[in-house]
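Just so it is clear, none of the values below were taken in a lab; they were calculated from the coordinates. Not measured: the values here are computed from a predicted model. Because the Cβ atoms are built from the backbone with ideal geometry, glycine has one as well, and the counts that use them run over all protein chains shown.
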Amino acid sequence: MVTRAKPRQPVAALSPRLMVEMRGVSLIINGKAILNAVDLDVWAGQTVAIIGPSGSGKTTLLRTINHLARPSAGEIRLDGERIDPQAARLRAQRAGIGMVFQNFNLFRNMTALENVMFAPVATGRARVAEAETRARKLIARVGLSDKCGSYPSELSGGQQQRIAIARALAMEPKVMLFDEATSALDPEFAREVLDVMSDLSASGMTIVAVTHEMGFARKVADRIVFMEAGSILADGTPDDLFSEAAPLRVKRFLTS
Ligand SMILES: Nc1ncnc2c1ncn2[C@@H]1O[C@H](COP(=O)(O)OP(=O)(O)OP(=O)(O)O)[C@@H](O)[C@H]1O
Ligand SMILES: [Mg+2]
């Protein structure tokens, strides 16, 4: 089953905008297809959850979107523009993609505020004062205004992850990629991070999230993509994938 979900769009929008477009993307390493002719469309404002067994290529798919992994074949467009590893535009294109990993990766020697301010200042996108004002707003948005001066070692895992989200948002990305953003966290802290992700989704951010959190996938995602062995086996609404009509393989995965 490959059901193309309707893009979530304001009624007034006449022409939905494709934010991420993958066409025939393959990645072959040592003769093995890690990704196998993947086609994926993510419309502006959509939240797409990527699920599937370990080793199915979920992380690799995200890595190809921002060219941390270079496809062997196929084409990827971000907001209509082809991502081209040769192009001087690649850095700018990467700046349009926020990525949040499992392990936070905050700069340990910087406070939460400095972490969020760093990239906009370092890349010349914002002056210090402007970056600080924006960083404080973003930190408030993830509910951590009282932690601006804290170092990562003084924050819980969930708080670090929320700062990591604020840091990614500071570059005003067109799309946010999440890779198992909550899987290293205790359930209580995972909840806080999922709440921030849900708020982002509701605010209209375009999101591609690899997740094991089926509750999140079901309630928040507009679409769920199921991967296996480097291929997309199913792509549909949560109702499609959680229905009796879903492919047997998906049903088995969801009940395992
Ligand atoms: N750079 C690489 N070199 C060789 N093999 C790789 C490389 N990157 C990924 N792989 C292999 O590609 C497959 C897909 O890996 P990937 O990390 O994308 O899976 P995943 O779906 O994210 O798994 P998990 O749920 O465990 O995170 C795995 O078999 C992995 O070993
Ligand atoms: Mg992975």
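Computed over the chain with a Gaussian network model linking Cα atoms closer than 10 Å, the most mobile of 30, 66, 115 is 30. Largest GNM mean-square fluctuation among 161, 93, 46, using the chain with Cα springs under 10 Å: 93. If a spin label sat at a point 7 angstrom from the Cα of residue 151 along the line to its beta carbon, the backbone N atoms of region 96-131 nearer than 19 Å would be those of 104-118. Considering only the Cα atoms of region 106-172, their convex hull presents on average a projected area of 3.8 nm². When +1 charges are put on Lys and Arg Cβ atoms and -1 charges on Asp and Glu Cβ atoms, the dipole computed for region 106-172 relative to its Cα centre reaches about 140 debye.
Which of the residue pairs 174/219; 147/174; 58/174; 58/137; 137/174 have a Cα-Cα distance greater than 28 Å in the structure shown? Don't skip to the answer; put the middle values down first.
On the way: 174/219 22 Å; 147/174 26 Å; 58/174 20 Å; 58/137 32 Å; 137/174 18 Å.
58/137, as the Cα separations exceed 28 Å there.
Let me check I've understood the local charge: for residue 82, count other residues with C-beta under 11 angstrom from its C-beta, Lys and Arg +1, Asp and Glu -1. What total comes out?
Numbers: positive: 23, 77, 89; negative: 21, 75, 79, 81, 84.
With Lys, Arg at +1 and Asp, Glu at -1, the net is -2.
So how do 231-239, 56-64, 21-29 stack up, highest first, on mean other-Cβ count within 10 Å? Before the final figure, lay out the partial values.
Values: 231-239: 18.8, 56-64: 22.7, 21-29: 17.2.
The packing order, highest mean first, is 56-64, 231-239, 21-29.
Other residues lying with their Cβ under 11 Å from the Cβ of residue 145 contribute a combined charge of +3, Lys and Arg counting +1, Asp and Glu -1. Neighbours of residue 64 by Cβ distance under 14 Å: Lys/Arg scored +1, Asp/Glu scored -1, total +2.
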